[in-house]
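Read-outs: derived from the displayed coordinates by stated rules, not from any lab. Treat the numbers as computed from the prediction; the structure is a model and nothing was measured. FYI the Cβ positions are ideal-geometry reconstructions off the backbone, even for glycines, and counts take in every protein chain you see.
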Amino acid sequence: MTAVRRVGVLTGGGDAPGLNAVIRAVVRSCKVAHNVNVMGISEGFIGLVEMKVRELTMADASGLLVRGGTILGTTNRGNPFRYAYRRPDGVEELVDASGTAKKNIEKLGLDCLIVIGGDGSLSIGERFWRELGIPVVGVPKTIDNDLFATEFTFGFATALESATWALDCLHTTAESHHRVMLLEVMGREAGWIALHAGLAGGGDVVLIPEIPFKFEPLMAKFRARERRGRPFSLVVVAEGAAPEGGAQVFAGEDAVTGWKRLGGVSYQIAREIENRGGYEVRATVLGHIQRGGTPVPWDRILATRFGVEAVRLAVSGKFGHMVALRGDRIVSVPLADAIGHLKRVDPNCQIVQSARSIGIVFGDEDPETVDRSEG
Ligand code: F6P
């Protein structure tokens, strides 16, 4: 095995609080524990195609622990296998630029590429390793917490903190005005943020993509609360939630990649609740607030542990693997096993059952049972 002397690090896909803490940990453990140089690649994989690369020193890593975002920059349009090339006439077309990325990695003398990303970026990393033979180590990131091979991703806890804070704010105004307040949170096809925020913030109804909902149980819940002197309710809506037989709501589509962005379902749900009568309803879409800000301590610690372990995998030649949290240990799993299938909420899991036990409604209940449930 050739000694690893220089590693590259990049951040891909949507940002998440804690990315900078990983970069810091990579730089510090490379320098402190392994005497390895670090090159920071800007704008995800695009930086490899366009050679946007700079050396990262201990000074660059200073002050990063508390900073949200990523000092390297990132993009959702960063797939070198489908690189958006802008022709001289200004039109963008998708071309395969992975060969250019590989040549640039060789030119830079990178012995390993540390890819910090979600399912999309890690899938690209896996192809780099399997198809191009580029030594890659992965670090899982996403506020959605939907990566199959790790119990938690960093960024999730901070997003949850923001969602819970938002619910706390909505609670007081809902109570004052006797309103039904909806909070729409992110998460794509997984309801983890909504489920946890509902538990932490006292949600009365939680709507997640994994459990198609009907309106009758929701209305029954509002009525039952009203009967016992609580004429207001909090509804947490995952952006990917949809009514039984209905479709998800999208906010937009990327013109080049065709990628569709979820968002706005809570406005439709609010309208339907109001149409059914009896309630004044307001919807708030929390949006990218969830992705920003200072990472909470849990995310800083997880990010640091991931970064340290990623470097250890790199210097020990364990390429094609990703770091992951299992119980209280950071382990490594083959990238091939980690990608392509998402970790979604099991409608029968213990946390959903606990939520049901304290009266949280998911919209799949018998309305009459809900009606009686508030005692
Ligand atoms: O995957 C993270 C995430 O924040 C999702 O929860 C959300 O659907 C999406 O990214 C938003 O993407 P964008 O930053 O492109 O708006």
Those residues of region 261-274 which are assigned to a strand (DSSP E or B) and surrounded by 15 or more Cβ atoms within 10 Å (Cβ to Cβ) amount to Leu262
The residue from Arg28, Arg54, Arg77 that alone is over 22 Å from the mean Cα position of the chain (by Cα) and within 22 Å of Gly125 (Cα to Cα) is Arg54
For Val331, are the conditions met, namely being under 30 Å from Asp111 (Cβ atoms), in contact with a strand residue (DSSP E or B) (Cβ under 9 Å, 6 or more places away or on another chain) and either within 12 Å of the ligand (Cβ to nearest atom) or outside any helix (DSSP H, G or I) (or both)? yes
Just checking, does region 296-304 include any residue being away from the ligand (no atom under 14 Å from the Cβ), within 29 Å of Gly138 (Cα to Cα), of a type outside the set (Asp, Glu) and loosely packed, with under 15 Cβ neighbours inside 10 Å? yes
Which numbered condition Ala149 fails, given (1) within 14 Å of the ligand (Cβ to nearest atom); (2) in contact (Cβ under 8 Å) with a residue 60 or more places away in the chain; (3) in a loop (DSSP other than H, G, I, E, B): (1)
Restricting to region 6-40, what's the tally of residues that are farther than 16 Å from Gly155 by Cβ, β-branched (Val, Ile, Thr) and in contact (Cβ under 8 Å) with a residue 40 or more places away in the chain? 4
For region 350-371, enumerate the residues that are in contact with a helix residue (DSSP H, G or I) (Cβ under 9 Å, 6 or more places away or on another chain) and either surrounded by fewer than 17 Cβ atoms within 10 Å (Cβ to Cβ) or over 15 Å from Ile211 (Cβ atoms) (or both). Ile351, Ser354, Ile358, Gly359, Asp364, Asp366, Pro367, Glu368, Thr369, Asp371
